[in-house]
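The block underneath contains the structure these notes are about, expressed in structure tokens.
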Amino acid sequence: CLFVELFQAWQMLEKPWKAFLKLLGIVLFLFFCGLLPWIDNIAHIFGFLSGLLLSFTFLPYVTFGTLDKYRKRALILLSLLVYVGLMSSLVVWFYIYPINWHWLEHLTCLPFTSKFCERYDIDHVVH
């Protein structure tokens with residue numbers, strides 16, 4: 001939600017890149033914390049993307065002229081379409097035709113040592 005507010009008010013901020021880098025630093029820190037066992041990074045990543053897309057759709061926005069108004073309305077429509085596509089693909093990948101990508105398991109627990117993810121039941125040996 002903060003990213004969307006930042007993007008919507010980009011023209012009003014004196015140093016928008018500074019605010020963007022602060023938010024990005026927080027997100028990257030939390031992503032690296034998600035590489036520890038028992039923190040579901042995959043759910044957090046897709047939750048972040050879903051929240052970002054739905055925030056573009058439902059948050060109020062300030063327009064700077066007619067062209068900006070139409071650009072933001074197009075962004076709302078595009079965000080809704082991408083959200084529907086994302087949710088549809090997740091349903092297909094996880095329920096209809098389950099994917100089995102071994103590298104995807106390492107987003108949930110990165111085996112820093114041979115026994116780091118042992119209690120999490122992730123086999124870190126690539127066959």
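The values are calculated or read from the model by the stated rules, or taken from the named source; none is laboratory data. This structure is a prediction, so every number in the text was calculated from the model and none was measured. Quick reminder, even Gly has a Cβ in these numbers, built from the backbone with ideal geometry, and neighbours come from all protein chains shown.
Looking only at residues of the stretch 68-95 that are hydroxyl-bearing (Ser, Thr, Tyr) and over 17 Å from Gln8 (Cα atoms), we find that the one that is farthest from the chain's Cα centre (by Cα) is Tyr95. Among the residues making up the stretch 58-75, a single one is at pLDDT 90 or above and surrounded by 15 or more Cβ atoms within 10 Å (Cβ to Cβ): Leu75.
Of the numbered criteria (1) surrounded by 12 or more Cβ atoms within 10 Å (Cβ to Cβ); (2) without any contact (Cβ under 8 Å) to a residue 40 or more places away in the chain, the one Ser55 fails is (2).
Residues that are in a helix (DSSP H, G or I), under 14 Å from Cys109 (Cα atoms) and of a type in the set (Phe, Trp, Tyr) within the stretch 23-79 comprise Phe31, Phe32, listed in sequence order.
In the set Ile45, Ile122, which member is at pLDDT 80 or above and either in contact with a Gly (Cβ under 8 Å, 6 or more places away or on another chain) or not polar (S, T, N, Q) (or both)? Don't jump to the end; show me each part of the working.
On the way: Ile122 fails: at pLDDT 80 or above.
Checking each option against the conditions leaves just Ile45.
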